[in-house]
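Have a look at the structure below before the remarks.
Every number in this text was worked out from the coordinates using simple rules, so none of it is lab data. What you see is a predicted model; the values in this text were computed from it and never measured. We place every Cβ from the backbone using ideal geometry, glycine too, and count neighbours over all the protein chains shown.
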Amino acid sequence: MKKVVKTNLEKLEIIANALVTDVVNVLKRNRLGYFYLPDDSVGEGIYIFENLNALTLELDIAHDTALPEPEVDGEYYDGEGTIKIEVKLNPNQPIDEILDLVIPELHELVTHEVVHFLQEESGLEFPKKIPKKPFKYYSQPHELEAQIRGFEAKSKATKTEIRKVMKDWFKKYPHKHNLKDKEVNKLIRKLLENYGKND
């Protein structure tokens, strides 16, 4: 795979770790609602990282008593420099258990979205037309790069082999990716083929 952008891995890790730390600090307060980070106490905050445009993080924390374990989702709004993170958790679960489960997932998700931010910062223009078919969507070069870096971050955080991290994510989130089993296997093969290339 030709890299979409030579993402600065050091910068990627610094930004992702800062965002994950701030999200975790809000989760520790055991509050739900909508937050603007880095400073939710004074309204909309922005992150300033050297030689990059401003970045905003919107965090939405919701409760769902039917969830067996926390779920995370996110999106990068290109052209706005905004990452939105959604965390759903079961309020009946102890916060320490929730954090143990959610922190590795946040590393995956936040890293994925920060890759999109850095792709845009490097001049990548995202496709105007988003593929309707899930496999085509996840197979786009910029998505492959973001997925690989995200799964790599979770693998590092959990000290788990990256293939297992990938399989676990696709198993946990069929309602997010909407891929058939055959497509999941094909996509994991594609991700593994590109993992570690052109670092």
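Which GluC sites (Glu not before Pro) in segment 29-134 pass both tests, a DSSP loop state and at most 14 other beta-carbon atoms within 10 Å? Filter output for segment 29-134: GLU44, GLU50, GLU80, GLU125.
Mean residue ellipticity at 222 nm, helices only, the chain: -16000 deg cm²/dmol; runs of at least 4 DSSP H residues each add -39,500 (n - 2.57), and the sum is divided by the number of residues.
A Förster radius of 30 Å combined with the Cβ-Cβ distance from ASN90 to GLU125 puts the calculated FRET efficiency at roughly 0.15.
Annotation note: trypsin sites (Lys or Arg not before Pro) in segment 139-171 located in DSSP loop regions with a Cβ neighbour count of at most 10 within 10 Å are LYS159. Prolate is the label for segment 93-199, because a/c, from the alpha-carbon gyration tensor with a ≥ b ≥ c as root eigenvalues, is 1.5 or above and a/b exceeds b/c. For the chain, the percent of C-alpha pairs falling in each 10 Å distance bin, counted from 0 to the bin holding the largest distance, reads 8, 36, 38, 17, 1.
A DSSP coil position with no more than 10 other Cβ atoms inside 10 Å describes the following GluC sites (Glu not before Pro) in segment 134-179: GLU161. Taking 7 Å steps out from each Cα toward its Cβ at LYS167 and GLN140 produces label points 2.9 nm apart. Projecting label points 7 angstrom from Cα along Cα→Cβ for ALA62 and ASP100 puts them 2.7 nm apart.
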